[in-house]
Amino acid sequence: MGNLKIQNQLHRINGAYQQCMDEMQTHGMDTNAFVMLQVERFALMSLLLEEIGSLRAEVHALSQQDAAWHEA
């Protein structure tokens, strides 16, 4: 469920980004730095999603250990 919320937020951000990019290009502004910022944002989000997945797996493993401990 958390990943869906993150993806929905990213979709809104990407829409706003594209609108801003279109506006900048309409006015003849250089967008290279803006594009690089977008690339860095995607890289950061990818790392964050990987970290979330890793933390979920760790929580799941710990909950299984806890359940096994309580059964013993």
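Quick one: Gly28 ticks every box in (1) in a helix (DSSP H, G or I); (2) more than 12 Å from the chain's Cα centre (by Cα) bar one, so which box is it?
(1) is the only condition that Gly28 fails.
Residue by residue, here is whether (1) out of contact with any helix residue (DSSP H, G or I) (no Cβ under 8 Å at 6 or more places or on another chain); (2) modelled with pLDDT of 85 or more; (3) of a type in the set (Val, Ile, Thr) holds:
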| site | (1), (2), (3) |
| --- | --- |
| Gln7 | yes, no, no |
| Gly15 | yes, yes, no |
| Cys20 | no, yes, no |
| Glu23 | yes, yes, no |
| Glu40 | yes, yes, no |
| Ser46 | yes, yes, no |
| Glu50 | yes, yes, no |
| Val59 | yes, yes, yes |
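On the basis of being surrounded by 11 or more Cβ atoms within 10 Å (Cβ to Cβ), within 13 Å of the chain's Cα centre (by Cα) and without any contact (Cβ under 8 Å) to a residue 40 or more places away in the chain, does Arg41 make the cut?
Considered against the rule, which asks whether it is surrounded by 11 or more Cβ atoms within 10 Å (Cβ to Cβ), within 13 Å of the chain's Cα centre (by Cα) and without any contact (Cβ under 8 Å) to a residue 40 or more places away in the chain, Arg41 comes out as yes.
The values are calculated or read from the model by the stated rules, or taken from the named source; none is laboratory data. This is a predicted model, so every value here is computed, not measured. Heads up, the Cβs are rebuilt from the backbone with ideal geometry, glycines too, and the neighbour counts pull from every protein chain shown.
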